[in-house]
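Asks: What follows is a structure written as structure tokens; I'll ask about it next.
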Amino acid sequence: MIDDSLWFRPPPRPGSPPSAPPKAEPAVVEVVIDGQKVEVSSSWTILEACRSRGIDTPTLCYLESLTPVNVCRVCVVELAGSRTLVPACSRRVEPGMEIRTDSPRVRLSRRMVLEFLASSVDLSTAPQAQEYLAQYEARPERYGSPATPTPAGERDAREPGHHHLPEGTAAETVAQPVKVDNDLYVRDYSKCILCYKCVEACGTDAQNTFAIAVAGRGFDARISTEGDIPLPDSACVYCGNCIGVCPTGALMFRSEYEMRQAGTWDESRQTSTDTICPYCGVGCTLSLHVQDNRIVKVTSPMDVEVTHGHLCIKGRFGFDFVHGGEPDAEPTRDG
Amino acid sequence: MDLRFHGPEPTADERAAVDSVLGPPISAWAGGPRDLVAEGHSSAVGGHEARSRRDLLLPALHAVQDRFGWIPPGALDYICRRLTVPPAEAHGVVTFYHLFSLSPRPEAVAHICDDIACRIKGAESLCAELNHRLGPESDGSWRRSPCLGLCERAPAALVLNGGESPEAVTLAPAVADDIVAARQSASVGWVKPTEASPEDPVGFTHPTSSVPQSGSPTLRLLGRIGRVDPESLDAYLASGGYAALNRAIEIGPAGVIGEVMASKLMGRGGAAFPTGRKWDAVARATDRTRYVICNADESEPGTFKDRVLMEGDPFAVLEGMTIAAFATVSERGYLYIRGEYPLAARRMAAAIDAARAAGWLGENIRNAGFSFDVELRRGAGAYICGEETALFNSIEGKRGEPRNKPPFPVQFGLFGRPTVINNVETLVNVPPILVQGGAAYAGIGTLGSTGPKLFCVSGHVARPGVYEVDFGITLGDLIAMAGGVPGGKNIRAILLGGAAGVFVGPEKLDMPLTFEGTRAAAATVGSGVVMVFDESVDLGDILVRVAAFFRDESCGQCVPCRVGTVRQEELLQRLRSGRPIGDRAEEMSLLREIGQVMRDASICGLGQTASNAIESALVMLDPFPEPEADR
Ligand SMILES: Cc1cc2nc3c(=O)[nH]c(=O)nc-3n(C[C@H](O)[C@H](O)[C@H](O)COP(=O)(O)O)c2cc1C
Ligand code: SF4
Ligand code: SF4
Ligand code: SF4
Ligand code: FES
Ligand code: FES
């Protein structure tokens, strides 16, 4: 039918924002990975080159949406001509690089990094790390039984420089009581591998709030607010972007934490449904994780251009009203 | 950026201490009163200016720490406001350095070196005595410290007195009476030169305790020390000073780089990188803003040569920097000196002022159309800040965490600009190269290791100190120069290159101390440390101290070093107490694996070398002899 109405109708809105003009094709470089010659884009990292060939490379501190900090060193590969191994996640490919991803040196370093982490950090809610541990046959028990956890605040008060000489018969850990100081999320730094992701997400890579930073030095380094003040006193705006990027469950929704404490958390009974945040016009994608017909946490998919996985307090935590209509739903939180 | 301040308001004194470095605030944004005419009721003026001064964070923190003996929360908030630094980040920076404290400390704190050279000269009994007289370490009146760079006069102490006129007193050899007196008395002066006298109030003519060769006519690097007043530019000029800069101006930047290349000068900071190549790379950079940095962080245990150079011949360090700047067309320089070197810092600061006043620094130097100025920055107690990229971050007001390389400093250095960074001793070698010519300089020493070299000889030798020799001398001859081991005792072990170096046994006395000679023996020249241990020494105790040093000084960024240094220390403690997990063979293989992952996968040289000394000792020296019978 021909539309001959008087009214001007705008053309249909594009389904996605108009795309930028195509960039110049990045140059292609040839590198050798595990004896195979491959051609990859010169803008890629070794990690991207490996993944494009289906070569499995473990990563812990790397995330597509954040600036690489290359601190965990679990992704190291051997590069011909380099005295040390190099981090695949941040090193760019260069023409003629000869890379080995599965040499004994590489395997040893990856296994040791995983053992170091597992012997000092609680990885029980880090399924990805658990897989790597099995894959690399890590034996964290070689370092002795874990030392007694430190009391609340002790690690946060440590000054750089001299420490008490350990006896050596027990392995020092970062175990400490969990920090529960607000209604929305908890911080269990016994599970922190110091991957810097939360700091990046809180800073220039996403939120620009700078509520948390790395403090202290060496093994006493930790994530902290200024002066270790509770989150409600800090600059935190509860966007939860730090929770979204934390690879170990050290940062966790209070709802998830309490259900885990009560033994009712059960991922096999959970579904995840994507929807658009109802609050404002930005249109962030929310993934609602639902167990027993209640929303138990909210994430956002990494690959959505609008958010790259990041949200604000409303989309992340403002879901209680959904449950409001249920007759038995007592408000449990005031946030 | 949301800045949120929750602490108390700064007191007038706290403001004054901060303003002494930053000047008065220019706007309400930066913590001053609101000027309604200029700023209105709600606009934020001055944010950009404030953010661009982040590199003043460390100097401002020093001012507060010096004034109050700690960093009160109101003062920290005020600094954050003035520089637009998020308080959480500032907290992260303060807690990185062991000379800063966020909890109240006594205004006077004695830092007692209990590191390896001092351990064998009674550091532990000194600590025990202080424990008795000043109370336990946890009270804060005294604290243990890593090497204070005074190893030739061990045991060493540094007393920092806070207050309106802060003072720093170094004591070596330190005795408890002097330490207690220095803590109490404000009359000791900012620095107590160990050997001052009425005729020579700065004490510079008595350097024999640090430079036993002083006065010898053959010295090229130490020649002025003890003979020429380090506080007088005229004396420097009269003794041939700045002849090299004049020569540089004659031959032009390319000519200078050519001479330095021809000299085959290798960096003396530990990594032995060719200096000419470094300068050439910066000179060729497309970015026109470039920096020259003198790395005076000298914190490698057993190293004190840079301190001796800066205390005894500060203008030579400046001249070397100025020539580097001329060659690379850099207009700004920084001298980053460790916070524990008060006398050297004072002499360098005075030399910078004197040189600037006389036109050897500043605009259009010698009318040669080039400008260069130097700023002195004090570290605050962190060995890792000697690593070049950590040093950049430290100057920039960030945590002193090393960056991943590449990119290298010559491309992406301080503030992201091409940067020349050289060790103090490297720079002091530059004037002689220009005066005598690169080719002639290359004739000194051996083919692979040219020039004169300073060695820091300490421990069980009759005359510890800095020795200047031509590259090529053997280890045994150097120890003989220092008077050999006193008391007719035998050598048990020698530490070469500091904590990041290796131990060798007495069978290596024939080894030439050159880059190639040490490499062939799987040893290292490193920073020039030669620390001698006689047979009375408990090597196990020394090794545990080395392990503890790395555990303390790791920046904590990467897993291999952050956890590896802890596991290494625990393992040594088990071997020492004879309580291995499994058997000794298993422990030894575990130690090797810990060493390998640190060497292979750590970000920087600290982690990469943290097991070298320990593994070398375990392989060759049997530091933990097996007990006769099982316990
Ligand atoms: C942990 C660590 C500490 C270092 N400390 C120092 C130091 O105190 N002084 C120094 O000159 N170089 C130090 N370096 C070496 C510097 O990174 C750098 O190589 C040197 O300053 C370059 O100067 P050069 O070429 O003149 O030797 C250190 C390196 C590492 C890995
Ligand atoms: S919730 Fe948001 S603002 Fe708060 S610490 Fe995490 S990232 Fe920062
Ligand atoms: S809390 Fe989580 S995201 Fe933050 S550093 Fe620790 S493990 Fe990484
Ligand atoms: S090796 Fe050690 S000092 Fe160097 S970056 Fe890693 S943790 Fe920091
Ligand atoms: S993933 Fe590459 S260093 Fe962590
Ligand atoms: S000053 Fe004590 S070991 Fe160097």
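The values are calculated or read from the model by the stated rules, or taken from the named source; none is laboratory data. The shown structure was predicted, so the numbers you read here are calculated from the model rather than taken from an experiment. Glycine also receives a Cβ, built like all others from the backbone with ideal geometry; neighbour counts cover every protein chain displayed. Keep in mind that these areas ignore ligands, DNA and RNA; they rest on the heavy atoms of the full protein, side chains included. Shrake-Rupley method; radii C 1.70, N 1.55, O 1.52, S 1.80 Å.
Asks: Can you give the % of DSSP beta bridges in the protein assembly as shown that are antiparallel, to the nearest 5?
Replies: Roughly 65 percent of the beta bridges in the protein assembly as shown run antiparallel, per DSSP.
Asks: Which of rounded, prolate or oblate describes segment B:233-442 when judged by the alpha-carbon gyration tensor and an a/c cut-off of 1.5?
Replies: In terms of gyration-tensor shape, rounded.
Asks: Additional query: Using amide H atoms built 1.01 Å from N in the peptide plane, name the residues 5+ places from B:ALA108, or on other chains, whose amide H lies under 5 Å from its own.
Replies: Result for B:ALA108 returns B:GLY162.
Asks: Suppose a student asked you for the relative contact order of chain A, using Cα pairs under 8 Å spaced at least 6 residues apart; what percent would you report?
Replies: On the way: 542 pairs, mean separation 37.2, N = 335.
Relative contact order comes out at 11 percent.
Asks: Then there is this: Averaged over its residues, how many other protein chain Cβ atoms are within 10 Å of peptide A:63-74's Cβ atoms?
Replies: Numbers: counts 0, 0, 0, 0, 0, 1, 5, 5, 9, 5, 11, 3.
Average neighbour count from other chains, rounded to a whole number: 3.
Asks: Just how much of B:PHE326 is accessible, in Å², when a 1.4 Å probe is used and the result is rounded to the nearest 10?
Replies: Estimated to the nearest 10 Å², B:PHE326 gives 20 Å².
Asks: In addition: Determine ³J(HN,Hα), in whole Hz, for all residues of segment A:130-136 in sequence, where each value follows from phi through the Karplus function 6.51 cos²θ - 1.76 cosθ + 1.60 and θ = phi - 60°; x replaces Gly and Pro.
Replies: 4, 4, 4, 4, 5, 4, 9
Asks: Continuing with this model, one more query. Tell me, what ³J(HN,Hα) does each residue in segment A:255-265 have, in order and in whole Hz, if you take phi through Karplus 6.51 cos²θ - 1.76 cosθ + 1.60 with θ = phi - 60° and put x for Gly and Pro?
Replies: Using θ = phi - 60°, the values come out as 4, 5, 4, 5, 5, 5, 4, 7, x, 9, 6 Hz.
Asks: Another one. If contacts are Cα pairs under 8 angstrom and at least 6 residues apart, what is the relative contact order of chain B in percent? Provide the component values of the computation, followed by the final result.
Replies: Numbers: 1292 pairs, mean separation 72.9, N = 631.
Answer for chain B is 12 percent.
Asks: Can you return the lysines within cross-link range of B:LYS305? Criterion is Cα-Cα under 26 Å, with same-chain partners fewer than 8 residues away left out.
Replies: B:LYS121, B:LYS192, B:LYS264, B:LYS278, B:LYS453, B:LYS508
Asks: Sticking with this structure for a sec: Using θ = phi - 60° and the Karplus form 6.51 cos²θ - 1.76 cosθ + 1.60, what ³J(HN,Hα) does each residue of segment A:239-251 get, whole Hz, x for Gly and Pro?
Replies: Per residue, the Karplus-derived 3J(HN,Hα) values read 6, x, 5, 5, 4, x, 9, 5, x, 10, x, 5, 9 Hz.
Asks: Using a 1.4 Å probe, how large is the accessible area of B:ILE491, given in Å² and rounded to the nearest 10?
Replies: The accessible area comes out at roughly 30 Å².
Asks: Of the heavy-atom accessible surface of segment B:233-442 (probe 1.4 angstrom), what whole percent is carbon and sulfur?
Replies: Answer for segment B:233-442: carbon and sulfur cover 52 percent of the accessible area.
Asks: In whole Å, how far is the Cα centre of segment A:186-222 from that of segment B:292-354?
Replies: 35 Å
Asks: Among A:MET259, A:GLY249, A:SER234, whose Cα lies farthest out toward the positive end of the dipole of segment A:167-315, if unit charges sit on the beta carbon of Lys, Arg (+1) and Asp, Glu (-1)?
Replies: Among A:MET259, A:GLY249, A:SER234, the one farthest towards the positive end of the dipole of segment A:167-315 is A:MET259.
Asks: With both bridge residues required to lie in segment B:452-534, what share of the DSSP beta bridges run antiparallel, to the nearest 5%?
Replies: In segment B:452-534, approximately 80 percent of DSSP beta bridges are antiparallel ones.
Asks: Now for a different question. Given H placed 1.01 Å from N in the peptide plane, which residues other than close sequence neighbours of A:THR173 have an amide H under 5 Å from its amide H?
Replies: Under 5 Å from the amide H of A:THR173: A:ALA147.
Asks: 5 Å is the cut-off here: which amide hydrogens, built 1.01 Å from N in the peptide plane, fall below it relative to B:SER371, excluding neighbours closer than 5 in sequence?
Replies: Here the answer is B:ASN364, B:ILE365, since their amide H atoms fall under 5 Å of that of B:SER371.
Asks: Now, a different point. What's the carbon and sulfur percent of chain A's accessible surface, probe 1.4 angstrom, rounded to a whole number? Kindly include the intermediate steps, with their values, before the conclusion.
Replies: Details: 8920 of 16590 Å².
For chain A, the apolar C and S fraction of the accessible surface comes to 54 percent.
Asks: Rank A:ALA27, B:ALA123, A:CYS72 by how far each Cα sits towards the positive end of the charge dipole of the protein assembly as shown (+1 on Lys, Arg Cβ; -1 on Asp, Glu Cβ) and give me just the farthest.
Replies: A:ALA27
Asks: Sticking with this structure for a sec: Does segment B:243-363 classify as rounded, prolate or oblate by the C-alpha gyration tensor (a ≥ b ≥ c root eigenvalues; a/c under 1.5 gives rounded; else a/b over b/c gives prolate, otherwise oblate)?
Replies: Oblate.
Asks: At a 10 angstrom cut-off on C-beta neighbours, averaged per residue, how do the peptides B:336-347, B:254-265, B:149-160 rank from highest to lowest?
Replies: B:149-160, B:336-347, B:254-265
Asks: Once the whole set of protein chains is in place, how much accessible area is left on A:GLU172, using a 1.4 Å probe, in Å² to the nearest 10?
Replies: 40 Å²
Asks: Okay, moving on. With a 1.4 Å probe on protein heavy atoms only, work out how much accessible surface B and A bury together, total over both chains, in Å² to the nearest 100.
Replies: In total, chains B and A hide about 5400 Å² from solvent.
Asks: With the cut-off at 1.5 for a/c, could you classify segment B:480-545 from its C-alpha gyration tensor as rounded, prolate or oblate? Present the calculation step by step, with values, prior to reporting the outcome.
Replies: Numbers: a/c = 1.98, a/b = 1.27, b/c = 1.56.
Note, shape of segment B:480-545 comes out oblate.
Asks: Just to confirm, what accessible area per residue do you get for the protein assembly as shown at 1.4 Å probe, in whole Å²?
Replies: 40 Å²
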